[in-house]
Amino acid sequence: MRRYRYRCTVCRTTSPVVHEIEALTAIGEDHRQTLHGGHFPDDEIAGQIDRLGRWYAALPPLATLHARIADALSDLRDIKAMGHYWWASAGATLLIGGSAALVLLVASAAL
Ligand SMILES: [Zn+2]
């Protein structure tokens with residue numbers, strides 16, 4: 001399940017989590033129209049977030065990969081909740097570490 005948020009850096013407010021991109025667009029437009037007369041606040045942020053509430057676009061690549069795997073594993077248990085289960089976070093770390101070890105092993109065997 002995808003999660004989205006809108007943040008206005010002028011008002012210093014963040015929208016509740018929504019699950020549809022259309023709802024995100026509507027929230028942003030409503031906020032701009034109601035509080036800013038249709039103007040676009042500087043540095044506003046809108047986009048997909050992970051289960052910890054972090055914007056994917058703001059995460060470094062490795063953290064993004066970890067968040068996506070931990071999100072997918074946590075969604076197996078409870079699709080509506082936020083936060084990562086400890087086993088999902090550990091599973092993502094093991095999967096990434098295991099993949100890196102496998103690549104190293106194959107690369108060193110090939111040389
Ligand atoms: Zn605002």
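Screening HIS84, HIS39, HIS66 for residues that are exposed (fewer than 12 other Cβ atoms within 10 Å of the Cβ) and free of Cβ contacts under 8 Å to residues at least 40 places away in the same chain leaves exactly one candidate, HIS39. Beta carbons closer than 9 Å, at least 6 apart along the sequence or on distinct chains, pair a first residue in segment 4-26 that is farther than 18 Å from ASP75 by Cβ with a second that is of a type in the set (S, T, N, Q) and away from the ligand (no atom under 15 Å from the Cβ) for TYR6/THR25; LEU24/GLN48. When SER89, SER108 are checked against the criterion of being free of Cβ contacts under 8 Å to residues at least 40 places away in the same chain and surrounded by 15 or more Cβ atoms within 10 Å (Cβ to Cβ), a single residue qualifies: SER89. For the criterion of being in a helix (DSSP H, G or I), away from the ligand (no atom under 16 Å from the Cβ), without any contact (Cβ under 8 Å) to a residue 60 or more places away in the chain and within 17 Å of the chain's Cα centre (by Cα), LEU52 fails. Scanning segment 69-81 for residues that are surrounded by 13 or more Cβ atoms within 10 Å (Cβ to Cβ), free of Cβ contacts under 8 Å to residues at least 60 places away in the same chain and of a type in the set (Asp, Glu) yields one hit, ASP71. Looking only at residues of segment 29-49 that are of a type in the set (A, V, I, L, M, F, W, C) and over 28 Å from LEU73 (Cβ atoms), we find that the one that is nearest to the ligand (Cβ to nearest atom) is LEU35.
Residue-by-condition table, conditions (1) in contact with a Leu (Cβ under 8 Å, 6 or more places away or on another chain); (2) over 30 Å from VAL10 (Cβ atoms); (3) of a type in the set (A, V, I, L, M); (4) not in a helix (DSSP H, G or I):
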| site | (1), (2), (3), (4) |
| --- | --- |
| ALA63 | no, no, yes, no |
| ALA67 | yes, no, yes, no |
| ILE79 | no, yes, yes, yes |
| MET82 | yes, no, yes, yes |
| VAL103 | no, yes, yes, no |
| VAL106 | no, yes, yes, no |
| ALA109 | no, yes, yes, no |
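Do we find that ALA26 is within 16 Å of ARG2 (Cβ to Cβ) and within 16 Å of the ligand (Cβ to nearest atom) in this structure? Yes. Taken as a whole, segment 9-23 holds at least one residue that is more than 11 Å from the chain's Cα centre (by Cα), outside any loop (DSSP other than H, G, I, E, B) and within 16 Å of the ligand (Cβ to nearest atom).
Taken together, the values in this text are just the output of simple stated rules run on the coordinates, not laboratory data. As the structure is a computational prediction, the values presented were derived from the model and not from experiment. All Cβ positions, even for glycine, are placed from backbone atoms using ideal geometry, and neighbour counts span all protein chains on display.
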